[in-house]
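Just so you know, all these numbers are worked out from the coordinates, no wet-lab data involved. Model, not experiment: these values are computed from the prediction. With ideal geometry, Cβ positions are generated from the backbone for all residues, glycine too; neighbour counts draw on all protein chains shown.
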Amino acid sequence: MKIERIQTIVTCPGRNFVTVRIVTDEGIWGLGDATLNGRELAVKSYLEDHVFPCLIGRDPRNIEDIWQYLYRGAYWRRGPVTMTAIAAIDMALWDIKGKLAGMPVYQLLGGKSRNGVMVYGHANGRDHEEAVDAVHKHIEEGFKAIRVQSGVPGLAKTYGVGKGKGKGFYEPAEKGLPPEEPWDTSLYLRHTPELFRKVREAVGFGPHLLHDAHHRLTPIEAGRLGKDLEPYRMFWIEDATPAENQAAFRLIRQHTTIPLAVGEIFNSIWDCKDLISEQLIDFIRSTIVHAGGITHVRRIADFAAMYQVRTGFHGATDLSPVCMAAAVNFGLWVPNFGIQELMPHTPLTDEVFPHNYRYEDGFLVMDEVPGLGVEIDEELAAKYPYERAYLPIARLRDGSMWNW
Ligand code: CS2
Ligand code: MG
């Protein structure tokens with residue numbers, strides 16, 4: 001069997017997605033997600049101009065060899081563009097292998113360890129009251145775990161909070177050039193514990209509550225936030241501080257027992273080796289599309305399992321339904337599963353990417369379908385061409401760049 005044709009499909013049904021389709025000489029095809037928010041076209045070029053020519057004619061069943069060929073053979077290793085490109089090829093090859101074997105990818109990984117993957121939804125509000133309303137709505141919809149973000153009084157706009165009222169579709173990336181938003185850590189640290197006091201008061205201690213600090217705190221500020229949120233029994237605090245310096249988490253651990261989650265911007269096991277082996281985190285969020293595909297994330301998960309660190313995959317709107325299908329397959333199998341993020345795609349996106357996974361009472365479930373269980377409607381996708389869009393940038397009142 002040989003790889004006969006490979007293409008990228010770029011579409012923007014509300015937000016940009018880059019998808020890879022690999023077709024074999026026996027007509028079996030596989031899909032992979034290659035979407036890197038705000039840098040989509042860089043991955044497209046990396047694939048088309050450098051990777052595709054090297055894969056034509058190769059045996060798609062040799063997933064591991066192709067992974068090593070693209071990682072070691074590139075000479076230049078790691079990084080978000082490279083590892084997203086490798087991830088897209090890897091996902092498509094697992095999709096093909098599942099179809100060849102006539103079974104879902106989770107069966108190839110080792111079968112089901114659970115019947116569904118528990119997800120957390122996004123409850124956000126422009127103020128605490130709206131956020132509490134959004135939490136209630138998620139509970140009504142069966143969510144067992146809810147991430148809560150709210151506007152911060154005194155800040156015009158806060159990351160993670162949509163323009164609309166509470167629940168509904170929120171897209172962090174904005175069309176045009178990167179929006180620059182004011183940030184003030186002291187306001188945020190003053191109001192966030194108050195938010196969770198109100199949420200627990202309103203809904204009790206049943207639901208799991210999560211919060212994303214979006215890399216906006218220094219290690220000691222993160223330690224303080226953790227201490228202040230301890231009474232509210234958080235499931236996790238996410239991206240409390242940037243993790244380039246993995247040792248920074250030692251300081252946070254010294255001050256709080258709140259579970260820590262990190263890794264949505266990680267691209268390889270090297271980004272989290274120390275965080276995991278020193279027990280500095282409790283959940284690893286590096287996900288299939290940005291960390292080298294199923295083949296590499298399986299290594300990260302297996303390594304994490306040795307330290308009782310569980311998976312908490314990133315699942316925001318910029319991870320396409322192709323990545324979500326791969327994540328659900330992975331989540332059904334992985335022994336040290338923790339939780340899966342679920343930010344709803346728009347109905348149009350779901351139409352462009354028909355998929356088998358579905359939400360049921362707080363979980364994502366899927367049927368026994370060969371491969372990843374996702375497709376792309378190329379005709380519909382072609383109606384929505386790429387539109388330049390970027391994630392927001394934070395600046396302090398004095399104009400300094402923040403986002404450490
Ligand atoms: C966020 C995302 O969902 C999350 O945890 O951190 O909104 C994230 O900022 C975007 O997915 C980045 O592309
Ligand atoms: Mg996040």
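Computed quantities for the displayed model
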item: Proximal aspartates and glutamates to K273, defined as alpha-carbon separation beneath 15 angstrom and excluding residues fewer than eight positions away on the same chain; result: E244, E264, D282, D302
item: Cα shape, region 121-264, gyration tensor, a/c 1.5 rule; result: oblate
item: Karplus (6.51, -1.76, 1.60) ³J(HN,Hα), θ = phi - 60°, over region 68-83, in Hz, Gly and Pro reported as x; result: 5, 4, 6, 7, 6, x, 6, 6, 8, 9, 6, x, x, 5, 4, 6
item: Sorted by Cβ density within 10 Å, fewest first, the residues H122, H128; result: H128, H122
item: Three-way shape label, the chain, alpha-carbon gyration tensor, a/c 1.5; result: prolate
item: Integer Hz, Karplus 6.51/-1.76/1.60 couplings in order for region 257-264, x for Gly and Pro; result: 9, 5, x, 10, 10, 7, x, 5
item: For the chain, calculated [θ]222 nm from helices alone, where every DSSP H run of n ≥ 4 adds -39500 (n - 2.57); result: -10000 deg cm²/dmol
item: Cα-Cα over 21 Å, subset of K175/K383; K44/K175; K2/K97; K198/K227; K137/K198; K144/K198; result: none
item: Neighbour-count order for C12, C323, C54, fewest beta carbons within 10 angstrom listed first; result: C54, C12, C323
item: DSSP beta bridge pairing in the chain, given as percent antiparallel to the nearest 5; result: 45 percent
item: Overall dimensions of region 268-381 as given by Cα atoms, namely Rg and Dmax in Å; result: 14.7, 49
item: Kirkwood Rh, Cα atoms: Rg over Rh of region 200-348; result: 0.96
item: Ranking of R190, R147 by count of other Cβ atoms within 10 Å, fewest first; result: R190, R147
item: Derived scalar couplings ³J(HN,Hα) [region 2-10; Karplus, 6.51 cos²θ - 1.76 cosθ + 1.60; whole Hz; x for Gly, Pro]; result: 10, 6, 9, 8, 9, 9, 9, 10, 9
item: Cα long-axis angle, helix 128-140 against the chain (0 to 90 degrees, to the nearest 10); result: 50 degrees
